[in-house]
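Quick notes on the structure that follows.
The values are calculated or read from the model by the stated rules, or taken from the named source; none is laboratory data. The structure presented is a predicted model; accordingly, all values stated were derived computationally and were not measured. Cβ atoms come from the backbone with ideal geometry, glycine included; neighbour counts cover every protein chain shown. Accessible surface is based on the protein model in full, side chains and every heavy atom, while ligands, DNA and RNA are left aside. Shrake-Rupley method; radii C 1.70, N 1.55, O 1.52, S 1.80 Å.
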Amino acid sequence: MTTARDWIERIRALDLPERVKVMNVCGGHERSVTVSGMRSALPSNIEITPGPGCSVCVCPEEDIYQAIQLALHERVTLVTFGDMLRVPVNAPKSEPRSLVDARAAGADVRPVASPLEARRIAEESDGPVVFFAAGFETTTAPVVSLIREGVPENLSFLLSARLTWPAVAMLLDSGEPGFDALIAPGHVATVMGPEEWEFVPREHGIPAAVAAFTVESLLAATWSVLRQKIEKKPFLDNCYRSLVRPGGNPLAREHMQEVLEVVAANWRGIGIIPASGFGLREQYAALDARLQFPDYNREGRRRMGEMPPGCDCASVVLGRIYPDQCRLFGKGCNPRNPVGPCMVSDEGVCRIWWSGQEA
């Protein structure tokens, strides 16, 4: 078995260009890179930059606001994954600005770790339960499985699901991607298949490799894309062959296609990205909380979708700056007092970098 030390030595032996910027697109990848000290072990001319790999960070502000208002003004139990509870929205300080604030104000807001918990809560409840489900493909697939299995009549879904690759495509199509090689998320590829990332080398001539969460896999992917760069032969390498198969998980993809349709979607601080989100198909409209309950996102709400004042989360998510270059990082914004979403979630790069400093 090739160890991390072996991969580091292989990378150092390469005849590297003056500077290469490698982007990872996964909060789990970024955590492994940061906690392991991988950056400091690599040659100084290799930059590993985080990209749009945190679904909580890009969840539209208006979706979070809608969840807060439903919890406050409708007689519902609002359930969501735990890292959504503290994400702030743009609202007056006199009003609840997060789901935690809404709970403190008397709303019934509960964290869940899996879709099965949401179903259990609905089965034990006499009133409506709304599952605010935000996430990328790997989080969305279990939600779809729950829907297909059948849910209690009192359970509905406020879905805020996103696809991973369109944000990278947007960066590449901009003409200023800000990176020279890509490490693609292996957990997404296990569901959707690695083929989704073939456009990166095919259409843009940029080396790419799929990696697992381990440092060894990440270093193998880094070595692969650097070698591709040197040889000027970009392709998509699979450095997670133990789980990533061509075509991904056919059954999961079939179920997702049955239940969901791909739609244009808003990414917080970034804007609308075509064909980057999931919505429930018409035959599942009865489960759509947006149709069952009032819309609280009235036109009078301004700055909808923006980050809080002074927060540079959008630039961090797009890999244009590092977390410690944000104007608020470590000043007005920290894990105990998060201003932007990148400091809230365990998958948020600002939170990860802060944790790395503490370690």
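Which of (1) at negative phi; (2) at pLDDT below 95 does Gly178 not meet, given it meets every other one?
(1)
Looking at Arg119, is it open to solvent by 10 Å² or more (accessible area, probe 1.4 Å), modelled with pLDDT under 95 and not small (Gly, Ala, Ser)? Lay out the reasoning, then the answer.
Details: open to solvent by 10 Å² or more (accessible area, probe 1.4 Å): yes; modelled with pLDDT under 95: no; not small (Gly, Ala, Ser): yes.
Considered against the rule, which asks whether it is open to solvent by 10 Å² or more (accessible area, probe 1.4 Å), modelled with pLDDT under 95 and not small (Gly, Ala, Ser), Arg119 comes out as no.
Going residue by residue through the range 216-231, is there one that turns out to be touching a Lys or Arg at 6+ places or on another chain (Cβ under 7 Å) and either of a type outside the set (Ser, Thr, Tyr) or surrounded by fewer than 20 Cβ atoms within 10 Å (Cβ to Cβ) (or both)? Reasoning before the result, please.
Filtering the range 216-231 down to residues touching a Lys or Arg at 6+ places or on another chain (Cβ under 7 Å) leaves 223.
If we keep only those that are either of a type outside the set (Ser, Thr, Tyr) or surrounded by fewer than 20 Cβ atoms within 10 Å (Cβ to Cβ) (or both) too, we end up with 223.
For the range 216-231, residues touching a Lys or Arg at 6+ places or on another chain (Cβ under 7 Å) and either of a type outside the set (Ser, Thr, Tyr) or surrounded by fewer than 20 Cβ atoms within 10 Å (Cβ to Cβ) (or both): present.
Of the residues that make up the range 185-192, is at least one open to solvent by 20 Å² or more (accessible area, probe 1.4 Å), in contact with a Ser or Thr (Cβ under 7 Å, 6 or more places away or on another chain) and not β-branched (Val, Ile, Thr)?
Checked the range 185-192: at least one residue is open to solvent by 20 Å² or more (accessible area, probe 1.4 Å), in contact with a Ser or Thr (Cβ under 7 Å, 6 or more places away or on another chain) and not β-branched (Val, Ile, Thr).
Look through the range 303-353, keep the residues that are of a type in the set (Lys, Arg) and free of Cβ contacts under 8 Å to residues at least 24 places away in the same chain, and return whichever of them is surrounded by the fewest Cβ atoms within 10 Å (Cβ to Cβ).
Arg336
On the given criteria, is Ala41 crowded, with 19+ Cβ neighbours inside 10 Å and over 16 Å from the mean Cα position of the chain (by Cα)? Walk me through how you get there before you give the answer.
Numbers: crowded, with 19+ Cβ neighbours inside 10 Å: no; over 16 Å from the mean Cα position of the chain (by Cα): yes.
For Ala41, the condition - crowded, with 19+ Cβ neighbours inside 10 Å and over 16 Å from the mean Cα position of the chain (by Cα) - is not met.
List the pairs whose first member sits in the range 65-76 and is under 9 Å from Tyr296 (Cβ atoms), whose second member is open to solvent by less than 20 Å² (accessible area, probe 1.4 Å) and β-branched (Val, Ile, Thr), and whose Cβ atoms are under 7 Å apart, counting only residues at least 6 apart or on separate chains?
What qualifies is Tyr65/Val89; Ile68/Val89; Leu70/Val76; Leu70/Val130.
Can you tell me how many residues within the range 44-74 are open to solvent by 10 Å² or more (accessible area, probe 1.4 Å) and β-branched (Val, Ile, Thr)?
Qualifying residue count for the region: 1.
In the range 74-97, how many are more than 19 Å from the chain's Cα centre (by Cα), among the hydroxyl-bearing types (Ser, Thr, Tyr) and under 23 Å from Ala122 (Cβ atoms)?
1
Within the range 26-60, which residues are part of a loop (DSSP other than H, G, I, E, B) and either at pLDDT 95 or above or over 13 Å from Ala184 (Cα atoms) (or both)?
Answer for the range 26-60, where residues must be part of a loop (DSSP other than H, G, I, E, B) and either at pLDDT 95 or above or over 13 Å from Ala184 (Cα atoms) (or both): Gly37, Leu42, Pro43, Ser44, Asn45, Cys54, Cys59, Pro60.
Restricting the search to the range 194-230, which residues are assigned to a helix (DSSP H, G or I), over 18 Å from Pro177 (Cβ atoms) and not hydrophobic (A, V, I, L, M, F, W, C)?
Pro194, Glu195, Glu216, Ser217, Ser224, Arg227
Hey, among Arg12, Arg39, which residue is more than 28 Å from Ser125 (Cβ to Cβ) and in contact (Cβ under 8 Å) with a residue 24 or more places away in the chain?
None of the other options fit; the residue is Arg12.
Please specify each residue of the range 141-166 satisfying the condition of being out of contact with any helix residue (DSSP H, G or I) (no Cβ under 7 Å at 6 or more places or on another chain), touching a residue at least 12 places away in the same chain (Cβ under 8 Å) and either part of a loop (DSSP other than H, G, I, E, B) or surrounded by fewer than 22 Cβ atoms within 10 Å (Cβ to Cβ) (or both). Show your work before the answer.
Kept after step one, since they are out of contact with any helix residue (DSSP H, G or I) (no Cβ under 7 Å at 6 or more places or on another chain), are these residues of the range 141-166: 149-150, 153, 159, 166.
In the following step, the residues that additionally are touching a residue at least 12 places away in the same chain (Cβ under 8 Å) were identified as 159, 166.
Listed by number, the list holds a single entry, Pro166.
Of the conditions (1) in contact with a helix residue (DSSP H, G or I) (Cβ under 7 Å, 6 or more places away or on another chain); (2) of a type in the set (Val, Ile, Thr); (3) closer than 19 Å to Leu171 by Cβ; (4) not in a helix (DSSP H, G or I), Val244 clears all except one; give me its number.
With respect to (1) in contact with a helix residue (DSSP H, G or I) (Cβ under 7 Å, 6 or more places away or on another chain); (2) of a type in the set (Val, Ile, Thr); (3) closer than 19 Å to Leu171 by Cβ; (4) not in a helix (DSSP H, G or I), Val244 is out only on (3).
Just give me the residues in the range 215-252 being among the polar types (S, T, N, Q) and within 18 Å of His204 (Cβ to Cβ), in sequence order.
Within the range 215-252, Ser224, Gln228 meet the criteria.
Among (1) at pLDDT 95 or above; (2) open to solvent by 10 Å² or more (accessible area, probe 1.4 Å); (3) in contact with a helix residue (DSSP H, G or I) (Cβ under 9 Å, 6 or more places away or on another chain), where does Pro88 come up short?
(1)
Among the residues of the range 13-34, are any more than 22 Å from the chain's Cα centre (by Cα), small (Gly, Ala, Ser) and open to solvent by less than 50 Å² (accessible area, probe 1.4 Å)? Break it down stepwise before answering.
First pass over the range 13-34, keeping only residues more than 22 Å from the chain's Cα centre (by Cα): 13-20.
Keeping just the survivors that are small (Gly, Ala, Ser) gives 13.
Imposing the further condition that a residue be open to solvent by less than 50 Å² (accessible area, probe 1.4 Å) reduces the set to none.
No: the range 13-34 contains no residue that is more than 22 Å from the chain's Cα centre (by Cα), small (Gly, Ala, Ser) and open to solvent by less than 50 Å² (accessible area, probe 1.4 Å).
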